[in-house]
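Structure first, commentary second.
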Amino acid sequence: MKVKFFLLTVALTIVGVSGFAQGFHLGVKGGVNLYKIDSKSFKEEFKTGYNAGVFAEIDFSDVVGIQPEILWNQSQTRTTKEFDDIYNGGVSNLKNVKLDYLSIPLLLNLRPSKLLSFQLGPQYGILISKRDDLVDNGRNAFKSGDFSVVGGVQLNIGSAKVGGRYVVGLSNINDLNDSDKWRNQGFHLYVGFRII
């Protein structure tokens, strides 16, 4: 229900504000993620994943606009050696816990100059694939949705975009129990190109 409500809100916002837009562009982007799951159950290290997707730029003026996106985001982590102590039947030292999300950020774009944009906004992630061997019985360990806040900087070089963001998870993505809170966080680095 939350996912449908969020997607409907994003779609209505885009349609509603497009009528007021002074500029509208579409593009593609891709890059690298450095993510971790912040908790005592997972290693305190950023691991590499990838991102790819599409974005729109809806400009209300030369300074203010929004940038909705649809991205495939991958994060990787590993469990600690204490994981089995925290979760009976859990697999300690599991080296490759990979999560793939369909992420939908809706970012406010503030451009103090044509070259530079500051971005801030919410992001909702829908878990599309996960490891099901984190615990012995094969239960789903991760919740299907993740709500985050995103902040970053983007360089605008003609139709090319180069940027970096920091993503902070606000949701507890632990679906096993409440003994430990799990939150995604990390860096999202990318290169994009306007195609329209």
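Miscellaneous remarks
- In segment 24-40 there is at least one residue matching the filter, namely being under 27 Å from Asp178 (Cα atoms) and not in a strand (DSSP E or B).
- Which listed residue is farther than 20 Å from Ile173 by Cα, of a type in the set (D, E, K, R) and surrounded by fewer than 19 Cβ atoms within 10 Å (Cβ to Cβ), from Asp84, Asp59: Asp59
- Answer residue from segment 62-81, given it is charged (D, E, K, R) and under 19 Å from Phe187 (Cβ atoms) and is surrounded by the most Cβ atoms within 10 Å (Cβ to Cβ) among those: Glu69
- Some residue of segment 76-93 being part of a strand (DSSP E or B) and charged (D, E, K, R): no
- Which listed residue, of Ser39, Ser18, is among the polar types (S, T, N, Q) and modelled with pLDDT under 85: Ser18
- Filtered by the rule that a residue be of a type in the set (Asp, Glu) and under 22 Å from the mean Cα position of the chain (by Cα), segment 156-181 gives Asp175, Asp180.
- If you go through segment 150-185 and keep only what is under 11 Å from Asp38 (Cβ atoms) and of a type in the set (Gly, Ala, Ser), you end up with just Gly169.
- When each of Leu134, Leu189, Leu116, Leu99 is tested for being in contact with a Gly (Cβ under 9 Å, 6 or more places away or on another chain), at negative phi, surrounded by fewer than 17 Cβ atoms within 10 Å (Cβ to Cβ) and touching a residue at least 40 places away in the same chain (Cβ under 8 Å), the lone residue that passes is Leu189.
The values are calculated or read from the model by the stated rules, or taken from the named source; none is laboratory data. Fair warning: this is a prediction, and the values are worked out from it, not measured in the lab. When we count neighbours, we look across all protein chains shown, and the Cβ atoms used for this are built from the backbone with ideal geometry, even at glycine.
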